[in-house]
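Just below is one structure, and these are the notes that go with it.
The values are calculated or read from the model by the stated rules, or taken from the named source; none is laboratory data. Keep in mind the model is a prediction, meaning the values are calculated, not measured. Cβ: placed from backbone, ideal geometry, glycine included. Neighbour counts: every protein chain shown.
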Ligand SMILES: Nc1ncnc2c1ncn2[C@@H]1O[C@H](COP(=O)(O)OP(=O)(O)OP(=O)(O)O)[C@@H](O)[C@H]1O
Ligand SMILES: [Mg+2]
């Protein structure tokens, strides 16, 4: 479980997260939505301490990582997370096999001789086969997403974080990524956090959705409740996303 209590993050010229609290329960698929620049990426980066918040707590399985200065604790907690970056961020000079094995090498003490078998398994989970020897430049956009996801799950994380997983993708690839996220969530039982400005995606896949605006969660609830929210920011976001409240 991830317990977020009163999380505060400021940048020199602006307050971004101004006291956010939420509990993300094991097995949940929790989405954070909000317009561009509201702090969604900042939020997700705080969860693995890529950036350090100024205040509050982020308790992951009983360990507060918001303020700890223990590298040991941070490393241990970070190992329980997989992270799919917005751009996918594959290493262009490495093969698919080397890309997917990257986390195994740095996060686990898996013997090198096991890499091919594990990589094959993870690629199969994302629907890819016989691509181990290819370089990222030889892959389609959809395949790159799949390889990035295989890399994120290679070390068998307990939690999976997705930052804008569908931004910039065509509708077909968006549908594929949506199926991958829900597939990983169901098949592997990974507790999942998605940040996105795609309200449609969030309402379709999530067990709960949180609306980030003005540095706070203006509304947190199941998709059905969310659609009926009377919160002004939620209503406005529903309208600009062309979604009906029914
Ligand atoms: N390292 C930084 N230094 C200063 N300001 C930053 C930094 N990172 C983010 N910001 C600012 O914090 C605010 C929130 O940024 P963030 O990237 O978290 O938003 P977002 O909701 O993810 O936006 P988008 O939908 O465009 O991805 C923005 O105004 C941004 O300019
Ligand atoms: Mg962002």
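Brief remarks follow.
- When the residues of the stretch 183-200 are filtered to those that are surrounded by fewer than 22 Cβ atoms within 10 Å (Cβ to Cβ) and within 16 Å of ligand 1 (Cβ to nearest atom), the one that is farthest from the chain's Cα centre (by Cα) is 200.
- Hey, residue 177 touching a helix residue (DSSP H, G or I) at 6+ places or on another chain (Cβ under 6 Å), modelled with pLDDT under 90 and not assigned by TED's automatic domain parsing to the domain that holds residue 125 or not: yes
- Count - residues of the stretch 29-40 that are surrounded by 18 or more Cβ atoms within 10 Å (Cβ to Cβ) and within 12 Å of ligand 1 (Cβ to nearest atom): 6
- Looking at 15, 9, just one residue is within 16 Å of ligand 1 (Cβ to nearest atom), assigned by TED's automatic domain parsing to the domain that holds residue 200, in contact with a helix residue (DSSP H, G or I) (Cβ under 8 Å, 6 or more places away or on another chain) and not in a helix (DSSP H, G or I), and that residue is 9.
- Every pair of residues 6+ apart whose Cβ atoms lie under 6 Å, when the first sits in the stretch 42-53 and is in contact (Cβ under 8 Å) with a residue 12 or more places away in the chain and over 15 Å from residue 85 (Cβ atoms) while the second is in a helix (DSSP H, G or I) and within 13 Å of ligand 2 (Cβ to nearest atom): 53/46
- Being in contact with a helix residue (DSSP H, G or I) (Cβ under 8 Å, 6 or more places away or on another chain), modelled with pLDDT of 95 or more, away from ligand 2 (no atom under 16 Å from the Cβ) and not assigned by TED's automatic domain parsing to the domain that holds residue 226 is true of residue 94.
- From 134, 203, 180, residue being in contact (Cβ under 8 Å) with a residue 12 or more places away in the chain, more than 22 Å from the chain's Cα centre (by Cα) and more than 16 Å from ligand 1 (Cβ to nearest atom): 134
- Filter result (within 16 Å of ligand 2 (Cβ to nearest atom), touching a helix residue (DSSP H, G or I) at 6+ places or on another chain (Cβ under 9 Å) and either within 24 Å of residue 188 (Cβ to Cβ) or not assigned by TED's automatic domain parsing to the domain that holds residue 208 (or both)) within the stretch 24-70: 31, 32, 33, 48, 50
- Which numbered condition residue 156 misses (of (1) away from ligand 1 (no atom under 16 Å from the Cβ); (2) loosely packed, with under 15 Cβ neighbours inside 10 Å; (3) in a loop (DSSP other than H, G, I, E, B)): (2)
- Only residues that are on the phi > 0 side of the Ramachandran plot and under 12 Å from the mean Cα position of the chain (by Cα) were counted in the stretch 154-177, giving 1.
- Some residue of the stretch 109-121 being part of a loop (DSSP other than H, G, I, E, B), buried (at least 21 other Cβ atoms within 10 Å of the Cβ) and in the same structural domain as residue 95 (by TED's automatic domain parsing): no
- Here residue 26 fulfils each of the conditions (1) touching a residue at least 60 places away in the same chain (Cβ under 8 Å); (2) buried (at least 18 other Cβ atoms within 10 Å of the Cβ); (3) more than 12 Å from ligand 1 (Cβ to nearest atom) apart from (2).
- Of all residues making up the stretch 78-90, the number that are more than 16 Å from ligand 2 (Cβ to nearest atom) and in contact with a helix residue (DSSP H, G or I) (Cβ under 6 Å, 6 or more places away or on another chain): 3
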